[in-house]
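Here is the structure we will look at.
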Amino acid sequence: MKSSRQNISKGWITTAFTAVLAVFLTACGPGASNNESSNASASSDKNGSKKITICLIPKKKGLPYFTSCAAGAELAAADLGNVELIYDGPTDGSPEKQASMIEQYTLKGVDVIAVSPNDPDVVAPAMRKAREKGIKVISWDADAVQDARDYFVNQATAQAIAHGMVDTMVSDIGGPDVKAEVAIVTAYLTAANQNVWIQHMKTHIADTYPNLNLVAIKPSDEDQKLAFKVTQDLMKAYPDIKGFFGISSVSFPGAAEAVKQAGKSGEVMVTGLATPNSMKSYVKDGTVKSVVLWNTSELGYLTVMVGEALATGKLSSGATSFDAGKLGEKKIDGDHVLLGDILVFNQENIDQYDF
Amino acid sequence: MKQRILNMIWQPETFLIVLIGILLTAMGRLDASFLQWEVQRALSSHVWELAIIAIPMTLIILTAGIDLSVGSVMGLSAITTGMLFQKGLPLPLACSASLLVGIFCGFLNGWFITRMKVHPLIITLATMAAYRGMAEGISHAKPVSGFPDSFTWLGQGDWFGLPVAAWVFAVMVGIVLWMMHGRAFGVGIYAIGHNETATRFSGLRVDRYLVTLYTFSGFASALAAVLFVARRNTAKADAGMGMELGVITAVVIGGVSIFGGRGTLIGACLGVLLIHETREFVSWHWNRDELNLLALGILLILSVVFQKLLRHKQGSAI
């Protein structure tokens, strides 16, 4: 009895060991041949010219927003031909992991690291170390600590975003001469991005649409339920209100839901900043006519173009414009490369975008 | 004699060394640059905090307990360092204060477990939430940055060719190994893990042991927090998020039985080494963070299955 049990367990161990060995052998096989192509900085293409390795790090891997950016980056790498693109980021969105990844890429000696920092302060030491080693470091989508990077690929200026939202609202509620009350539902009252946008929105309204009356600016504390409640309250306080700006990806759906549940879809317009997928249902049922964002695919494309140009020396500090291939000429403002125009999603085009 | 050699071979530690050997060989074949000393030394900076916390965790799991609050203690200690520094306190004082906070957090865990007779799993689950909540509350989730170079050296600098944290870890392991080896302290821990009631009746002060261990765990977490703040130059409330899972995984992979009484500190250290190398290599070679979790899961299952079989084998051989 005892010995048979022993034999069984011995058999198990042998089987399991064989299984492990098999796993490693198969892992070694294709990997070993892969080695040359993945060994980043040393590899060359057929013409003998050096391949440039660009690492694109998103805030969080697996988010549709960043996946769509990555698709654009792939396109740029294919168009350029001399670029090897690595797209990887923390699946849990942890800034520590972003820093660890930057450290790894630095050790490997890649040419360009482009990062959308989750927490600028946490990744800054790693970014500075990479720069010390001669690696070109750029931030994209969100800016980093200024001295830790060479360039920031800025998807849209605060002014472009603010003007875009106001212009969109005006055309949605009846044209340039419309006389109406509108309100803003923001993130936090202290949110830096939002406050700059609000400032630009106010000046733009005062300069261009004097009949538009901005009656309230309310915080939603990045809480969709609070955005919902705030919007409800505003509709009670201002029965004639014609439009809401939801200027964060959380306050926008919250405001839209409040208008929808009040049965005022089409009567009270909501517009703002969000990804198309999160707003598709509201666009379909008419609560929202337009969603403002930037072209994420072009953002990824431009980031890779800038990275390649920095690594090859085509782009150096002091430049005021940059030839971004199929995107055309892009403006450079100081150390910001500007993607430029915003993108407006509406009933006609929203189905073409999936993020 | 032959029996003795066989027994030595069928130890979890031997199995781990063989597994690490196979893995490193495979990694070297796939990507030789990964095994360079410079690369390994630089990458090691990612693991020391986990390794330091794994020491008390091993002892606690040996007594059939568990401490889920380590990551949250890290967060609370990190933010203590940061906020006191921001208030203008000298850094040595700020660090000492954060170590005291860690010690107190750990002591509180031990006190609840021994006095209130609450299961460690429950009480540390509760304090995991509570300590993290306090950290977020005190700091309003705002990070503190801008520490002087003299301090960040602790986390980023080298001392005699190794990161400072590596020396801290080495000293701690040395002391604990010395205390465990053939001394009453070590015997007591294993005894508690095997049969707490019998140990109690045999006159050992079980409660004192447990309070000491959980306090030690709090201290180690706070120490890891200080090193972490120095390494990342940022103190924030979510420091050490998910740390407890990494630490417990490493200890269990290292052959320490979650039911207590079985396993060694050396094994746990090998477990730490194994998951560290796996993690780093997966993102080094494949550039796919999502594979990391998969690899970790496979390792854990493999290791547990093997150890189960090894114990079986051992049991029938003796």
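The values are calculated or read from the model by the stated rules, or taken from the named source; none is laboratory data. Source: prediction; values computed, not measured. Because the Cβ atoms are built from the backbone with ideal geometry, glycine has one as well, and the counts that use them run over all protein chains shown. The area values use the complete protein model at the heavy-atom level, side chains included, leaving out ligands, DNA and RNA. Shrake-Rupley method; radii C 1.70, N 1.55, O 1.52, S 1.80 Å.
Brief remarks follow.
- Residue, nearest to A:Thr67 (Cα to Cα), within region A:84-96, restricted to residues that are open to solvent by 30 Å² or more (accessible area, probe 1.4 Å) and more than 7 Å from chain B (Cβ to nearest Cβ): A:Tyr87
- Residue within region A:181-191 that is over 14 Å from A:Val268 (Cβ atoms) and of a type in the set (Asp, Glu) present: no
- Restricting attention to region A:53-65 and to residues that are of a type in the set (A, V, I, L, M, F, W, C) and open to solvent by less than 10 Å² (accessible area, probe 1.4 Å), the residue that is farthest from B:Ala230 (Cα to Cα) turns out to be A:Ile54.
- Of all residues in region B:291-304 being closer than 13 Å to B:Leu16 by Cα and open to solvent by less than 60 Å² (accessible area, probe 1.4 Å), the one that is modelled with the lowest pLDDT: B:Ser303
- Of the candidates A:Ala192, A:Ala227, A:Ala216, the single residue that is more than 22 Å from A:Asp172 (Cβ to Cβ) and among the small types (Gly, Ala, Ser) is A:Ala192.
- Of all residues in region B:263-276, those that are in a helix (DSSP H, G or I) have Cβ atoms under 8 Å from Cβ atoms of residues that are open to solvent by 10 Å² or more (accessible area, probe 1.4 Å) and among the hydroxyl-bearing types (Ser, Thr, Tyr), 6 or more apart or on another chain, in B:Gly271/B:Thr249; B:Ile275/B:Thr249; B:His276/B:Ser44.
- Within region A:165-194, being closer than 17 Å to A:Val344 by Cα and either part of a helix (DSSP H, G or I) or among the polar types (S, T, N, Q) (or both) holds for A:Met165, A:Val166, A:Asp167, A:Thr168, A:Met169, A:Val170, A:Ser171, A:Asp172, A:Ile173.
- Of all residue pairs spaced 6 or more apart or on separate chains, those with beta-carbon atoms under 9 Å, a first member in region B:146-174 that is open to solvent by 60 Å² or more (accessible area, probe 1.4 Å) and a second member that is acidic (Asp, Glu) are B:Gln156/B:Asp149.
- Going through (1) closer than 24 Å to B:Gly106 by Cβ; (2) without any contact (Cβ under 8 Å) to a residue 12 or more places away in the chain; (3) touching a strand residue (DSSP E or B) at 6+ places or on another chain (Cβ under 8 Å) one by one, B:Arg205 falls short only on (3).
- Flag for B:Gly186 being buried (at least 16 other Cβ atoms within 10 Å of the Cβ), modelled with pLDDT under 95 and either within 19 Å of B:Ala225 (Cβ to Cβ) or not hydroxyl-bearing (Ser, Thr, Tyr) (or both): yes
- Unique match (being open to solvent by 20 Å² or more (accessible area, probe 1.4 Å) and without any contact (Cβ under 8 Å) to a residue 24 or more places away in the chain) among B:Arg231, B:Arg200: B:Arg200
- Residues (polar (S, T, N, Q) and either outside the structural domain of A:Thr271 (by TED's automatic domain parsing) or at pLDDT 90 or above (or both)) located in region A:187-210: A:Gln199, A:Thr203, A:Thr208
- For B:Gln307, the conditions (1) surrounded by fewer than 22 Cβ atoms within 10 Å (Cβ to Cβ); (2) more than 17 Å from B:Leu35 (Cα to Cα); (3) within 14 Å of chain A (Cβ to nearest Cβ); (4) touching a residue at least 60 places away in the same chain (Cβ under 8 Å) all hold with the exception of (1).
- The listed residue being hydroxyl-bearing (Ser, Thr, Tyr), crowded, with 24+ Cβ neighbours inside 10 Å and closer than 26 Å to B:Trp178 by Cα, out of B:Thr63, B:Thr80: B:Thr63
- Residue ID - farthest from B:Leu154 (Cα to Cα), chosen from residues in region B:35-49 that are crowded, with 17+ Cβ neighbours inside 10 Å and at the interface with chain A (Cβ under 9 Å from one of its Cβ atoms): B:Val39
- Condition met for B:Ile248 (more than 10 Å from every other protein chain (Cβ to nearest Cβ) and either in contact with a strand residue (DSSP E or B) (Cβ under 6 Å, 6 or more places away or on another chain) or part of a helix (DSSP H, G or I) (or both)): yes
- Taking every residue in region B:97-116 that is touching a residue at least 60 places away in the same chain (Cβ under 8 Å) and pairing it with any residue that is open to solvent by 60 Å² or more (accessible area, probe 1.4 Å), at least 6 positions away or on another chain, the pairs with Cβ-Cβ distances below 7 Å are B:Leu99/B:Phe219; B:Gly102/B:Phe219; B:Ile103/B:Phe219; B:Gly106/B:Phe219.
- Qualifying residue in region B:176-193 (condition: out of contact with any Asp or Glu (no Cβ under 6 Å at 6 or more places or on another chain) and within 14 Å of chain A (Cβ to nearest Cβ)): no
- Boolean, B:Leu93 is of a type in the set (A, V, I, L, M), part of a helix (DSSP H, G or I) and within 26 Å of B:Thr249 (Cα to Cα): no
- Among the residues making up region B:191-214, those that are closer than 20 Å to B:Thr264 by Cα and out of contact with any Lys or Arg (no Cβ under 8 Å at 6 or more places or on another chain) are B:Ala191, B:Ile192, B:His194, B:Asn195, B:Glu196, B:Thr199, B:Tyr209, B:Leu210, B:Thr212, B:Leu213, B:Tyr214.
- B:Thr215 being open to solvent by less than 10 Å² (accessible area, probe 1.4 Å) and of a type in the set (S, T, N, Q): no
- Within region B:4-23, being within 13 Å of chain A (Cβ to nearest Cβ) and open to solvent by 50 Å² or more (accessible area, probe 1.4 Å) holds for B:Leu6, B:Ile9, B:Trp10, B:Val18.
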